[in-house]
């Protein structure tokens with residue numbers, strides 16, 4: 001749904017220029033939830049704003065739903081934008097309009113007739129659970145409610161793609177959770193493709209099927225969340241499951257083998273450690289670890305201690321590898 | 001001078017002031033909005049970036065704002081004659097009043113529009129709004145309370161300017177105070193006029209405040 005290749009954007013001021021996005025390639029498939037994770041200043045916001053041409057990229061191409069946006073004329077771009085919803089960190093609602101009025105604005109923009117607008121507004125407010133607050137003004141709403149209005153507005157023109165610019169960063173953890181649940185629900189019910197940027201690991205953990213880590217304008221790693229978890233040395237995996245790497249055991253005679261293992265997908269539900277213990281009669285110990293339910297998959301990560309030196313455990317390690325475990 | 005004569009003078013002066021300021025306000029509102037919107041649109045990073053146009057427009061506005069009103073009043077006499085047909089009288093005074101107030105109000109409009117958060121404008125752009133929709137439904141509508149408050153300030157400034165309209169025979173309350181109160185030492189007229197002006201300004205300010213508050217949804 002979203003194809004980006006070789007995207008570059010440099011901000012120039014009189015004195016210096018800052019490369020915000022430095023050659024990013026990105027593919028987001030239909031129905032995917034893709035998260036770009038990065039610190040502030042990593043260029044993720046610029047990247048997102050290049051997708052709907054709020055920022056004009058210096059080089060590279062951006063296509064959404066098969067339509068190349070980089071060289072569209074103003075009027076065609078304007079119409080193309082109806083098919084790309086966007087939600088914002090600070091909600092960006094019109095303070096002079098009611099909840100219903102804010103959603104209606106998105107329909108006025110597409111030129112929908114008045115009669116149609118009314119019904120569609122009611123439908124959208126129902127969808128985000130705000131029907132009772134239709135006549136309230138944004139100033140009377142909580143942050144979570146404001147973002148729900150933002151989501152209803154973004155979906156008004158029935159876009160295939162939703163861009164989310166730190167949509168939960170201004171919200172408390174509980175509200176964040178409810179907004180993420182709503183986004184996930186919309187993704188599943190409407191087949192909505194979502195590209196989001198965030199600095200919060202929770203967001204990636206809860207709803208993303210794919211993710212990228214961005215630093216200094218570049219993707220340092222990207223792929224499906226399940227794939228990244230399997231990838232040895234993945235920063236994302238390490239951040240998703242912070243493993244207490246200081247955990248170790250006093251080496252008894254004969255030494256000890258410490259292994260970090262990551263399992264995801266179906267293997268996460270299998271009794272791998274029990275199998276290991278049974279098969280090799282090994283006094284395997286778990287030093288630290290966790291199991292998490294992610295949007296797309298379940299995954300676990302453990303640090304194990306096997307008695308004996310590494311060479312004594314080669315069979316056991318080989319067995320783990322065969323079971324699809326990442327060491 | 002009897003009180004009924006004073007009252008008669010005041011009544012005429014008030015009507016002249018109301019007419020001059022009223023018409024000038026309407027014209028200023030239209031002209032100032034236009035110039036103010038253009039200043040915001042043509043700015044670097046605006047919706048219609050045109051830095052040269054912006055610079056020229058800004059210069060004209062600044063020239064208009066730096067001229068003392070009494071000088072402007074005299075300087076535009078040929079233009080006034082061309083527009084109204086005469087350079088003296090109440091109607092003729094409306095022309096310099098409007099020319100003097102437009103740059104003033106335009107700057108107020110400009111700063112009120114800049115108060116609209118950039119991300120709200122970006123959101124409208126991202127939704128695929130036309131520039132016309134962004135100006136009308138986002139910028140002007142969101143800035144409306146500020147625009148009303150700004151117009152109130154402009155009306156009061158016009159009341160002040162209109163005191164100098166006597167120079168071109170415009171009449172009005174201010175002129176009354178100068179001719180009778182100052183030049184003829186008719187203290188009663190002076191005091192009555194000042195009280196009338198204070199009341200007028202007070203009423204304008206109150207109406208403006210109430211309107212601006214009603215429009216504010218923040």
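Can you run the Rg to Rh ratio on chain A? Use alpha carbon positions and the Kirkwood inverse-distance Rh.
Working: Rg = 23.6 Å, Rh = 22.0 Å.
Using only Cα positions, Rg/Rh for chain A is 1.07.
If each DSSP helix of 4+ residues adds -39,500 (n - 2.57) and the sum is divided by the residues in chain A, what number results at 222 nm, nearest 500 deg cm²/dmol?
Values: 11 runs with 110 residues, N = 327.
When only DSSP H runs of four or more count, the value is -10000 deg cm²/dmol.
So what is the relative contact order for chain A, in percent, with contacts set as C-alpha pairs under 8 Å and at least six apart?
Values: 625 pairs, mean separation 60.8, N = 327.
Relative contact order for chain A comes out at 19 percent.
Please list log₁₀ I(q)/I(0) at q = 0.17, 0.26, 0.30 Å⁻¹ for the range A:256-321, using the Debye equation with identical point scatterers on the alpha-carbon positions.
-0.58, -1.19, -1.44
Which value in Å does the Kirkwood hydrodynamic radius of the range A:143-186 take, with 1/r averaged over all unlike C-alpha pairs and then inverted? Don't jump to the answer; show the numbers that get you there.
Working: mean 1/r = 0.0932 Å⁻¹.
Taking the inverse mean of 1/r over all distinct Cα pairs, the range A:143-186 comes out at 10.7 Å.
At 20 °C and a viscosity of 1.002 mPa s, what translational diffusion coefficient does Stokes-Einstein give for the range A:1-138, taking Rh as the Kirkwood radius over Cα pairs? Give it in µm²/s as a whole number. Could the numbers behind the result be given before it?
Values: Rh = 17.2 Å.
D, rounded to a whole number, is 124 µm²/s.
How high is the relative contact order of the range A:143-292, given as a whole-number percent (alpha carbon pairs under 8 Å, six or more residues apart)?
On the way: 117 pairs, mean separation 22.8, N = 150.
About 15 percent, as a whole number.
How shielded is A:167-178 by partner chains, expressed as the average number of their Cβ atoms within 10 Å of its Cβ atoms? Please list the in-between numbers first.
Working: counts 0, 0, 0, 0, 0, 0, 0, 0, 0, 0, 0, 0.
Per-residue shielding by partner chains comes out at 0.
Running Debye on the range A:62-209 with equal point scatterers at the Cα sites and no solvent, what base-10 log of I(q)/I(0) appears at q = 0.15, 0.16, 0.20 Å⁻¹?
With one equal scatterer per Cα and no solvent, log10 I(q)/I(0) is -0.76, -0.87, -1.29.
Would you work out the relative contact order for the range B:99-152, in percent, from Cα pairs under 8 angstrom that are 6 or more residues apart?
On the way: 23 pairs, mean separation 27.7, N = 54.
Here the relative contact order equals 51 percent.
Based on the alpha-carbon set only, what is the convex hull volume of the range A:44-83 divided per residue, in Å³?
Values: hull volume 2.8 nm³, N = 40.
Taking only Cα atoms, the range A:44-83 has a hull volume of 70 Å³ per residue.
Quantify how strongly other chains surround peptide A:87-94 by giving the mean number of their Cβ atoms within 10 Å of each of its Cβ atoms.
Working: counts 2, 6, 1, 4, 4, 10, 4, 9.
For this peptide, the per-residue mean of nearby foreign Cβ atoms is 5.
Can you tell me the equivalent ellipsoid semi-axes for the range B:39-142? Use √(5λ) from the Cα gyration tensor, largest first, whole Å.
On the way: eigenvalues 242, 40, 27 Å².
Ellipsoid semi-axes (Å, largest first): 35, 14, 12.
In Å and on Cα atoms, what radius of gyration and Dmax does the protein assembly as shown show?
Expressed in Å, the Cα Rg and Dmax of the protein assembly as shown come to 33.9, 122.
Starting from the Kirkwood Rh over alpha-carbon pairs, what translational D in µm² s⁻¹ does the range A:56-129 have by Stokes-Einstein at 25 °C and 0.890 mPa s?
Working: Rh = 14.4 Å.
Rounded, D is 170 µm²/s.
Note the angle between two axes, namely the Cα long axis of helix A:99-110 and the longest principal axis of the Cα atoms of chain A, as a number of degrees from 0 to 90, rounded to the nearest 10.
80
Given springs between every Cα pair under 10 Å in a Gaussian network model of chain A, which of A:310, A:159, A:57 has the largest fluctuation?
Fluctuation is largest for A:310.
Across peptide B:125-138, how many C-beta atoms of other chains are within 10 Å of each residue C-beta, on average? It would help to have the intermediate numbers written out before the result.
Numbers: counts 7, 15, 19, 15, 8, 5, 2, 0, 4, 1, 0, 0, 6, 4.
Mean shielding count: 6.
Helix-derived [θ] at 222 nm for chain B: sum -39500 (n - 2.57) over DSSP H runs of at least 4, divide by residue count, nearest 500? Could the numbers behind the result be given before it?
Working: 9 runs with 159 residues, N = 218.
Rounded to the nearest 500, it is -24500 deg cm²/dmol.
Among bridges DSSP assigns within the protein assembly as shown, what percent are antiparallel (round to 5)? Show your work: numbers first, answer last.
Values: 40 of 59 bridges.
Roughly 70 percent of the DSSP beta bridges within the protein assembly as shown come out antiparallel.
Antiparallel versus total DSSP beta bridges in chain A: what percent is that, nearest 5? Walk me through the intermediate numbers first.
On the way: 40 of 59 bridges.
Of the beta bridges lying entirely in chain A, close to 70 percent run antiparallel.
I'd like the Kirkwood hydrodynamic radius of the range A:1-41, using the inverse of the mean 1/r over distinct C-alpha pairs, in Å. Before the final figure, lay out the partial values.
Working: mean 1/r = 0.0820 Å⁻¹.
Taking the inverse mean of 1/r over all distinct Cα pairs, the range A:1-41 comes out at 12.2 Å.
With N set to the number of residues, divide the alpha-carbon radius of gyration of the range B:1-98 by 2.2 N^0.38 Å and report two decimals. Numbers along the way, then the final one.
Numbers: Rg = 18.2 Å, N = 98, 2.2 N^0.38 = 12.6 Å.
My calculation over the Cα atoms of the range B:1-98 gives 1.45.
Out of every Cα-Cα pair in the range A:149-308, what percent are more than 18 Å apart? Before the final figure, lay out the partial values.
Numbers: 8361 of 12720 pairs.
Tail of P(r) above 18 Å: 66 percent of Cα pairs.
Expressed in whole Å with the largest first, what are the equivalent ellipsoid semi-axes of chain B derived from the C-alpha gyration tensor as the square root of 5 times each eigenvalue? Can you show the working numbers first?
Numbers: eigenvalues 285, 84, 27 Å².
Those come to 38, 21, 12 Å.
Sort the range B:21-74 into rounded, prolate or oblate with this rule: let a ≥ b ≥ c be the square roots of the eigenvalues of the Cα gyration tensor; rounded if a/c is under 1.5, and if a/c is not under 1.5, prolate when a/b is larger than b/c, oblate otherwise. Walk me through the numbers before you get to the answer.
On the way: a/c = 4.45, a/b = 1.59, b/c = 2.80.
Here the range B:21-74 falls in the oblate category.
Values in this text are rule-based calculations from the coordinates and carry no lab data. All figures in this text were calculated on a predicted structure; none of them were measured in a lab. Please note: Cβ atoms are built from the backbone with ideal geometry, for glycine as well, and neighbour counts cover all protein chains shown.
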